[in-house]
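Below is one structure; the comments refer to it alone.
The values are calculated or read from the model by the stated rules, or taken from the named source; none is laboratory data. As the structure is a computational prediction, the values presented were derived from the model and not from experiment. A quick note on method: Cβ atoms are made from the backbone with ideal geometry, for glycine too, and the neighbour counts reach across all protein chains shown. Quick note on the areas: whole protein, heavy atoms, side chains included, nothing else; ligands and nucleic acids left out. Shrake-Rupley method; radii C 1.70, N 1.55, O 1.52, S 1.80 Å.
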Amino acid sequence: MGWMSRFLAAVAFLAIGVIFSPETFGSKSDGQEPPKLTTFLKLAHLLCFSTAWGAALWVTFIGGIIMFKNLPRHQFGNLQSKMFPAYFSMVGVCCVVSVACFGYLHPWKTSSTTEKYQLGFLLAAFAFNLTNLFVFTPMTIEMMKQRHKVEREANIGEEVGWTKNQEVAKVNPKLKAMNKKFGMIHGLSSLANIMSFGSLAMHSWYLAGKIDL
């Protein structure tokens, strides 16, 4: 199924959900016009938040680990260099939409302390993703390319796992230094990603307390 087909299928299911929603059948007991704008903003917030949180969960704890354990290291690194800019861009856009919707639904002057904290968590998630997208990710990719070049000179990098890299680094000062620099930058990127995920997780707890199932 192509990208457009999958997108249209998702839109179709969303449209069916709207058709069968209580507001569509006029179940409002007070006879007032249902607040369609409010419902739309809540839907946009929920979809964008869940997309960001789900993507962060998959990339951080599942997809990345599976790829690392099964792909040759250079192939894995090249794939990550293409995937992470798209990942951070998508999560960043979702965070912006969530912040905008939540801020509109809960104006700062009239919002409670809890709601202000939640807006702060969403802004923090956005800031950490923005930092990763424009600072740490470009630095990590550039350092990865430099290290790949050194590893190709040592005839390693096409294996799965870190074993050969660590063995060669013991007798190759250049590779050892490159590993140290890459590890530092990659560590900062990973920390920012975890902080973003944690901020989204805090908001998920808040949303869970608001949902009436």
### Query
So which of Phe40, Phe68 ends up being of a type outside the set (D, E, K, R), in a helix (DSSP H, G or I) and closer than 26 Å to Leu122 by Cα?
Phe40
### Message
Restricting to region 159-175, name every residue that is part of a helix (DSSP H, G or I) and either under 21 Å from Ile66 (Cα atoms) or touching a Gly at 6+ places or on another chain (Cβ under 6 Å) (or both).
### Response
Thr163, Lys164, Asn165, Gln166
#### Entry: Val96 being open to solvent by less than 60 Å² (accessible area, probe 1.4 Å), in a helix (DSSP H, G or I) and not basic (Lys, Arg)
no
#### Entry: Given (1) at pLDDT below 85; (2) touching a Phe, Trp or Tyr at 6+ places or on another chain (Cβ under 7 Å); (3) not aliphatic (A, V, I, L, M), number of the condition Ser27 does not satisfy
(2)
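For (1) touching a helix residue (DSSP H, G or I) at 6+ places or on another chain (Cβ under 9 Å); (2) open to solvent by 40 Å² or more (accessible area, probe 1.4 Å); (3) closer than 29 Å to Val11 by Cβ, each residue gets a yes or a no:
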site: Thr51; (1), (2), (3): yes, yes, yes
site: Ala56; (1), (2), (3): yes, no, yes
site: Val59; (1), (2), (3): yes, no, yes
site: Ile65; (1), (2), (3): no, yes, no
site: Phe68; (1), (2), (3): yes, yes, no
site: Pro72; (1), (2), (3): no, no, no
site: Gly77; (1), (2), (3): yes, no, no
site: Lys82; (1), (2), (3): no, yes, yes
### Summary
Pairing a residue in region 40-64 that is at negative phi with any residue that is open to solvent by 60 Å² or more (accessible area, probe 1.4 Å), where Cβ atoms lie under 8 Å and the two sit 6 or more apart in sequence or on different chains, gives Leu41/Tyr104; Cys48/Val93; Thr51/Met90; Ala52/Met90; Ala55/Met90; Thr60/Ile194
### Task
Considering each residue of region 166-205, count those that are more than 29 Å from Pro138 (Cβ to Cβ) and either among the β-branched types (Val, Ile, Thr) or in contact with a Phe, Trp or Tyr (Cβ under 8 Å, 6 or more places away or on another chain) (or both), and give that number.
2
### Query
Which condition number does Ile156 fail, the rest of (1) in a helix (DSSP H, G or I); (2) surrounded by 18 or more Cβ atoms within 10 Å (Cβ to Cβ) being met?
(1)
### Task
May I ask you to say which residue of Phe128, Phe102 is open to solvent by 30 Å² or more (accessible area, probe 1.4 Å) and at pLDDT 95 or above?
Phe128
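Quickly run through region 107-118 and pick out the residues that are surrounded by fewer than 16 Cβ atoms within 10 Å (Cβ to Cβ) and within 22 Å of Leu207 (Cβ to Cβ).
If the condition is that a residue be surrounded by fewer than 16 Cβ atoms within 10 Å (Cβ to Cβ) and within 22 Å of Leu207 (Cβ to Cβ), then Pro107, Trp108, Thr110, Ser112, Thr113, Thr114, Lys116, Tyr117 are the ones that fit.
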